[in-house]
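*Asks:* Right, I'll just put the structure down here and ask away after.
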Amino acid sequence: MRKKLGNIFRIFKKKEHTEEDLEELRLSFKERYHSFKLLLSANNSALEVMGAIDQALQGNNPFGMSFIRASSTAASVSVYKLIKHLNEISNNKYTELFLRFEEIQDSIQKILSQKKTIKDEVMVVPLRSVDRDMYDLVGSKMANIGEIKNKISLKVPPGFVITSCAYNLFIEHNHLQDEIDRRLQSVEADNIEELYTVSSKIQNLIINSKIPQKLEEDIKTSWDELAKEAGKEITVAMRSSAFGEDTEDNSFAGQYRSELNVSFDHIFDAYKEIIASKYSLTAITYRLNKGFKDEDIFMSVGCMVMVDAVCGGVMYSRSPLDINDDSIFINSSWGLPKTVVDGNSDCDLFVVSRKNMEITYRDIKNKKNKFVCYPKEGVCRVDITGENANLQSVSDIDICQLSKLAIKMEDHYLSPQDIEWAINQIGEVFILQCRPLKQMENLKIDYPEDLSNKENLITSGGITICPGVGSGKVVLVKTGADILSFTEGSVLVTNQALPRWASLLNRAKAVITEQGSFAGHFANVAREFRVPSIFGLKGILEKLNNGDIVTVDANAKRIYRGKVEISYNNLGEKKNFMEGSPVYETLREVSRLIVPLNLLDPDSFEFKPLSCKTFHDITRFAHEKSVHEMFEFGKTHNFSEKSSKQLFYKVPMQWWVLNLDDGFKEEVIGKYVHLDNIVSVPMLTIWDGIIAIPWDGPPIDGKGLMSVMFQATTNTSLSVGTRSKYTERNYFMISKNYCSLTSRLGFHFLVVESMISDRTRENYIRFQFKGGAADYNRRVRRVQFVGEVLEKYGFKSEVIKDTIICSLDAQEKDFMLSRLKIIGYITIHTRQLDMIMNGEARINYYRDKLHSDINKILS
């Protein structure tokens, strides 16, 4: 008691302070104010990172592990700074926060450090020893090939697999992973030009690396054994077989490289080319869109004796476009199956009934070229001359045999299959590849009546690759450079359906090509991404120009001029392909330690450092305590000129003002500060909004009032708790360009922070509002209502349960002040609106009233 009396006495005996004492106090306060501003900056940075993480989880834009690592690091840095500055303000009162920070950060690092491992150490495995249970070691593609050879007993070329263990050895031997990670982390996922550059550099890095001697020796031994098994000089087809490749939802079709007809002299160069293709632009963007971790994609390479094919192609054991169609679809061309899978030429199509093996449909194309093997090594594309161009490329007998093989493989895998096949010079049928077939439901279209006259029809025809309707601006893509100019929401129009265009599918509204079949790699990926597509539409490049607005109806195989409204069901909008993926799940797991806010009530006994479970909890605690410490500073140090003053506006108000630095025009001696003595630009603007239009009082709604009364008597979380000047008063903390308002009005709690000056980049407004005494659903609807209102005026809003957080950044001073005035108005006029949040008529009335009032304020 004696000490308290002494403090009070010293306050009233202010003149006893020496000039030196006062100067020391001023310097001390400026240091704390500096730390406080740094704390606010760190707080804003942390909240921005949390918002970006939340947006990534809810949005459709791809992101990689580099985004997760960068976001986690940014959040950690900001939160650490927040704790540091809070302890500077409070004389190390909250050092326990460092302990919680380290525990949370360690948990995040454990998640981020998880890596897929390969237990087996074998470098090369003969194909005769492989089955589908070995996908970790040999990749999904070669695991399936081994299964077909050794379990289904179908004819597969003999071969061996260079394993994922060999890939790891190659990467570690050349110290590549850290450099690859560094380069990938330096580029934004949606910057196609930067990705293109990084892709080229990483591929060159791999191609110029050395293969470890042990791996070279194992490959040489396996080659010699394979040649001995074949009984002749051999060449091989080398195929990528990465982890996750050739699955139902993630085919990776055409994303990685294959090398055909390779001799031993070039096997090591070809191996490096295939490893490098993991970082092709198409492969990088595919993994980003599908949410695969780069470090978890181990690249195995299958080597099979080359089949010198007379004809080859792709067959589907069922229709990829209609889940109810059990017909078998066989696509065929002369020469190697590369002609079909690359989509750069037309091919024959045969549809076979599985009931009686009858060919129910045949479409024989004019086949202008084919791929064939050079005698020694490599393949070339040659023109088909004479009558062969128009002849059926595979016999009816072989079509029947292929159909039976398709059914046999489907029966073994218990699902529809996508199968690559070839027939050699002596008529033997070989299976070269097999993956699950992704089927789509038949799409129903409702056509508007005004399409019947076809005035808008540009052309029709081709093949439906993926059903649906898409509208957008035409972009003609002819070369790799055109990829860089392809914009979001465009219609991709090109000559050949090449796999390289797959990197554009996540941004395309539709696809049209002049050539290609529905069995090619690009067709597979288009269906995966659910992009409406028409292939084989002759002459389309002559009919469309860059910038034309068109509507593509893939079901009817029609192209319309302009945007045509055509409704359809089943497929709907493209889904978030990342959801459920390894990268997505990693971010979601990390986000649980960063984003959720559990510390809501500062008056609760649980509002303490040890209760912080997330980085968001730490920011909430630190912000609350920093405000408290700044308010207490002046009184604790008998620094009356910096103590809070009660606002006098016509009469004394229940609002207190703490001048942090230069918020008052003149020094205030008494207990009151008059409004005309305040020069804080943000505070005066908020106050203008508060008093702009008189509040009519709470809206009256019988059910709402009963809800409030019920909640107030039953919900202990609404209790203000022990009496405290900080829970009963409304506080402004100000400087000339800064204001922090903490207000508790009844059961409503809000915080407004703003920094506004001529320095546009530093300007910001933060508004947080929660609470109310009505039931939970009404409170949620109220904050949703507030968010809708503020979004109309440029604010970004986020609703978390019954809390809304709104923000506006980096706008010019006059614009920011006009929006801050709206916040002042909202602060008063949304109180107790939760009482009427169950009737649309009342809600619409108050929405119109708020907009009308705001327009008056801004006029």
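*Asks:* Could you count how many residues in region 803-827 are over 23 Å from L600 (Cβ atoms) and either of a type in the set (V, I, T) or in a helix (DSSP H, G or I) (or both)?
*Replies:* The first filter runs over region 803-827 and keeps only residues over 23 Å from L600 (Cβ atoms), leaving 808-822, 824-825.
This time we only want the ones that are either of a type in the set (V, I, T) or in a helix (DSSP H, G or I) (or both), so: 813-822, 824-825.
Residues in region 803-827 being over 23 Å from L600 (Cβ atoms) and either of a type in the set (V, I, T) or in a helix (DSSP H, G or I) (or both): 12 in total.
*Asks:* Which numbered condition in (1) in contact with an Asp or Glu (Cβ under 7 Å, 6 or more places away or on another chain); (2) open to solvent by less than 20 Å² (accessible area, probe 1.4 Å); (3) more than 24 Å from E217 (Cα to Cα); (4) not small (G, A, S) is the only one that L137 fails?
*Replies:* If we test L137 against (1) in contact with an Asp or Glu (Cβ under 7 Å, 6 or more places away or on another chain); (2) open to solvent by less than 20 Å² (accessible area, probe 1.4 Å); (3) more than 24 Å from E217 (Cα to Cα); (4) not small (G, A, S), just (3) comes out false.
*Asks:* Just a yes or no: is a residue in region 471-494 in contact (Cβ under 8 Å) with a residue 24 or more places away in the chain, closer than 20 Å to S319 by Cβ and crowded, with 24+ Cβ neighbours inside 10 Å?
*Replies:* no
*Asks:* Going by the conditions given, is N43 open to solvent by less than 20 Å² (accessible area, probe 1.4 Å), assigned to a helix (DSSP H, G or I) and free of Cβ contacts under 8 Å to residues at least 40 places away in the same chain?
*Replies:* On the way: open to solvent by less than 20 Å² (accessible area, probe 1.4 Å): yes; assigned to a helix (DSSP H, G or I): yes; free of Cβ contacts under 8 Å to residues at least 40 places away in the same chain: no.
Taking the combined requirement at face value, the residue does not satisfy it.
*Asks:* Whether any residue in region 403-424 is under 16 Å from V310 (Cβ atoms) and open to solvent by 40 Å² or more (accessible area, probe 1.4 Å) is what I want to check. Working first, answer last.
*Replies:* Just the residues of region 403-424 that are under 16 Å from V310 (Cβ atoms), to begin with: 420-424.
The next check asks that each one be open to solvent by 40 Å² or more (accessible area, probe 1.4 Å); those that pass are none.
No, region 403-424 contains no residue that is under 16 Å from V310 (Cβ atoms) and open to solvent by 40 Å² or more (accessible area, probe 1.4 Å).
*Asks:* Turning to a different aspect of this structure: If you scan region 498-509, which residues turn out to be open to solvent by less than 10 Å² (accessible area, probe 1.4 Å) and at pLDDT 80 or above?
*Replies:* Hits for region 498-509 are W501, L504, L505, A508.
*Asks:* Could you tell me which numbered condition G689 fails, if it satisfies all but one of (1) open to solvent by less than 50 Å² (accessible area, probe 1.4 Å); (2) modelled with pLDDT of 50 or more; (3) touching a strand residue (DSSP E or B) at 6+ places or on another chain (Cβ under 9 Å); (4) more than 19 Å from E629 (Cα to Cα)?
*Replies:* Unmet for G689, out of (1) open to solvent by less than 50 Å² (accessible area, probe 1.4 Å); (2) modelled with pLDDT of 50 or more; (3) touching a strand residue (DSSP E or B) at 6+ places or on another chain (Cβ under 9 Å); (4) more than 19 Å from E629 (Cα to Cα): (3).
*Asks:* Name the single residue, out of those in region 294-310 being under 12 Å from F430 (Cβ atoms) and out of contact with any Gly (no Cβ under 7 Å at 6 or more places or on another chain), that is least open to solvent (accessible area, probe 1.4 Å). Can you show your working first?
*Replies:* To start, the set of residues in region 294-310 that are under 12 Å from F430 (Cβ atoms) comprises 304-310.
Imposing the further condition that a residue be out of contact with any Gly (no Cβ under 7 Å at 6 or more places or on another chain) reduces the set to 306-308, 310.
Values: M306: 33, V307: 17, D308: 74, V310: 54 Å².
Restricting to residues being under 12 Å from F430 (Cβ atoms) and out of contact with any Gly (no Cβ under 7 Å at 6 or more places or on another chain), the top hit is V307.
*Asks:* Somewhere in region 46-58, is a residue among the polar types (S, T, N, Q) and open to solvent by less than 60 Å² (accessible area, probe 1.4 Å)?
*Replies:* Looking only at region 46-58, we keep the residues that are among the polar types (S, T, N, Q), and these are 55, 58.
With the extra rule that they be open to solvent by less than 60 Å² (accessible area, probe 1.4 Å), the set shrinks to none.
There is no residue in region 46-58 that is among the polar types (S, T, N, Q) and open to solvent by less than 60 Å² (accessible area, probe 1.4 Å).
*Asks:* A follow-up question, please. Only one of F67, F63 is in a helix (DSSP H, G or I), open to solvent by less than 80 Å² (accessible area, probe 1.4 Å) and of a type in the set (F, W, Y); which? Break it down into steps so the answer makes sense when it comes.
*Replies:* On the way: F63 fails: in a helix (DSSP H, G or I).
Just a single option satisfies the conditions, and that option is F67.
*Asks:* Let me spell it out: the conditions are (1) surrounded by fewer than 17 Cβ atoms within 10 Å (Cβ to Cβ); (2) modelled with pLDDT of 80 or more; (3) part of a loop (DSSP other than H, G, I, E, B), and V668 meets all of them except one. Which number is the exception?
*Replies:* Of (1) surrounded by fewer than 17 Cβ atoms within 10 Å (Cβ to Cβ); (2) modelled with pLDDT of 80 or more; (3) part of a loop (DSSP other than H, G, I, E, B), only one is false for V668: (1).
*Asks:* Look at region 374-423 and say how many of its residues are part of a helix (DSSP H, G or I), under 18 Å from D346 (Cα atoms) and among the small types (G, A, S).
*Replies:* Qualifying residue count, region 374-423: 2.
*Asks:* Something else about it: Out of curiosity, is S78 within 26 Å of the chain's Cα centre (by Cα) and either of a type in the set (S, T, Y) or at pLDDT below 90 (or both)?
*Replies:* Yes; evaluated as a whole, the condition is true for this residue.
*Asks:* Is one or more of the residues making up region 341-355 open to solvent by 20 Å² or more (accessible area, probe 1.4 Å), in contact with a helix residue (DSSP H, G or I) (Cβ under 6 Å, 6 or more places away or on another chain), within 25 Å of K538 (Cβ to Cβ) and modelled with pLDDT under 90?
*Replies:* No.
*Asks:* Cβ-Cβ distance below 8 Å, separation of 6 or more or different chains: which pairs start in region 260-277 with a residue that is over 23 Å from N168 (Cβ atoms) and in the same structural domain as S300 (by TED's automatic domain parsing) and end on one that is open to solvent by 50 Å² or more (accessible area, probe 1.4 Å) and in a helix (DSSP H, G or I)?
*Replies:* L260/K338; F264/K220
*Asks:* Would region 90-104 turn up any residue that is modelled with pLDDT under 90, out of contact with any Gly (no Cβ under 9 Å at 6 or more places or on another chain) and either assigned by TED's automatic domain parsing to the domain that holds I219 or over 22 Å from N168 (Cβ atoms) (or both)?
*Replies:* Going residue by residue through region 90-104, those that are modelled with pLDDT under 90 are 90-91.
Still in the list and also out of contact with any Gly (no Cβ under 9 Å at 6 or more places or on another chain): 90-91.
Still in the list and also either assigned by TED's automatic domain parsing to the domain that holds I219 or over 22 Å from N168 (Cβ atoms) (or both): 90-91.
Yes; the residues of region 90-104 include at least one that is modelled with pLDDT under 90, out of contact with any Gly (no Cβ under 9 Å at 6 or more places or on another chain) and either assigned by TED's automatic domain parsing to the domain that holds I219 or over 22 Å from N168 (Cβ atoms) (or both).
*Asks:* Right, something else. Looking at Q768, Q784, Q811, can you tell me which residue is in contact (Cβ under 8 Å) with a residue 24 or more places away in the chain, open to solvent by 60 Å² or more (accessible area, probe 1.4 Å) and polar (S, T, N, Q)? Talk me through it step by step, then tell me what you get.
*Replies:* Details: Q768 fails: open to solvent by 60 Å² or more (accessible area, probe 1.4 Å); Q784 fails: in contact (Cβ under 8 Å) with a residue 24 or more places away in the chain.
One residue alone meets the criteria, Q811.
The values are calculated or read from the model by the stated rules, or taken from the named source; none is laboratory data. Bear in mind that the values here come from a model prediction, so they are computed numbers and not experimental data. All Cβ positions, glycine included, derive from the backbone under ideal geometry; neighbour counts span all protein chains shown. Side chains are part of the model used for accessible areas, which takes the heavy atoms of the whole protein and leaves out ligands, DNA and RNA. Shrake-Rupley method; radii C 1.70, N 1.55, O 1.52, S 1.80 Å.
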